[in-house]
Every structure is written in C-alpha cells, then in structure tokens.
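Below is the structure I would like to discuss, written out as structure tokens.
No value in this document is a laboratory result; all are computed from the given coordinates. Everything numeric here is computed off the predicted structure, so don't read it as measured data. Glycine gets a Cβ as well: all are built from the backbone with ideal geometry, and neighbour counts include every protein chain shown.
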Amino acid sequence: MTTGTVFRYGDNVDTDVIIPARYLNDPDPAALARHCMEDIDPDFAKNVRPGDIIVAGRNFGCGSSREHAPLSIKACGVTCVIAKSFARIFYRNAINIGFPILECPEAVDGINPGDQVSVDFDSGTIRNETTGESFQATAFPPFLQNIIRHGGLLASIKAEEV
C-alpha cells in the first residue's frame, strides 16, 4: 500500500519526455531522476517527494524502448503510475525493474493534480483520499506481485535460486 500526492499528465507522454535523450549517457539512476519529466514539467524533479504518484492519460511511455524511462521515475521516489493505458514496452520495462503501474481509466478521470491517492497493489484498489472516491484496477497476478516485491525480474529470479 502506498499514499502520495498526484502529478498529472495527459495522453501520449513519450519516453523522450520522461527522460530526454541528452541525459542517457549517465546510467546512474539518481542522475536520471534529476532530469525526469523536465521537458514537460521543468519543476517535477524539484517538487516530487518519495511516495508520490503519477497519473496520466492514454499510451503513457510510448516512443522508444529505453528502459531509462521507468527507472528515472522510480529513482525520483514515485511509487507508481496510474494511466488509462501504457505502451507495451514501457509496461514490460517497468515490471522488469519492479516498478508498479496500473491501468484504470476511471481512476484517471476521477483524480486531479495535487490529490492525495492511496493504492493497494495486492487488491488493485485506488482511493482518492481527497474526494473519498474508490476505483478498481486489475490486481497484479501473483507472479508479477513477486517480481515487484523483489524489486525487479532479476532480483526475483535470484531469490528463487536461494
């Protein structure tokens, strides 16, 4: 379960906006976090706090297949992204690094910038604490919950080997 303040964006937020290509030479997640979303929201990295949540429209994470995009969001301290839909490669990259993302169009329509939102990843319940509304996303199946709980695909595989 997580609770955070919402940063809201529209449709088709692509990976070049999430982390501009000019910063991809530095593989350090903290360095990427300093530039996350800066082309669409120049103050995002300064204002985001651990636990905050991104809410967006359709096709979040479209564009290139760069895995730096979900990594930069996670490194900022954002605990999840809720969107109407995700680009498939972004979805896979996010799960591979243990970063939860939820598709729930109704929640996106019912959440505003600055709202306080809580998310229960086990049940898929999204609650707008500001308005009292609740929304139901599809909960992650157990194998994805395991990947997220371990912090990514490789970590979950290593944990199974022990």
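Scan around MET37 for amide H atoms under 5 Å from its own, H built in the peptide plane at 1.01 Å from N, and keep only partners 5 or more places away or cross-chain.
ILE19
Considering only DSSP beta bridges where both residues belong to the chain, give the percentage that are antiparallel (nearest 5).
Rounded to the nearest five, the antiparallel share is 50 percent.
At 7 Å along Cα-to-Cβ for each site, give me the label-to-label distance between SER123 and THR3 in nm.
Between SER123 and THR3, the label points sit 1.5 nm apart.
With charges set only on the Cβ (+1 for Lys and Arg, -1 for Asp and Glu), what does the dipole of segment 19-162 come to about its Cα centre, in debye to the nearest 20?
So the dipole magnitude of segment 19-162 works out to roughly 360 debye.
Can you order the peptides 102-109, 23-30 by their average number of other Cβ atoms within 10 Å per residue, highest first?
Result, highest mean Cβ count within 10 Å first: 102-109, 23-30.
Another one. In whole Å, what is the distance between the alpha-carbon centres of segment 31-70 and segment 127-162?
Segment 31-70 and segment 127-162 have Cα centres spaced 20 Å from each other.
Can you compute the modelled spin-label distance between ASN96 and ASP28, with each label point 7 Å from Cα toward Cβ, in nm?
Here the answer is 2.4 nm between the modelled labels.
What label, among (1) 102; (2) 111; (3) 124, belongs to volume of the Cα convex hull per residue in Å³ computed from the structure on display?
(1)
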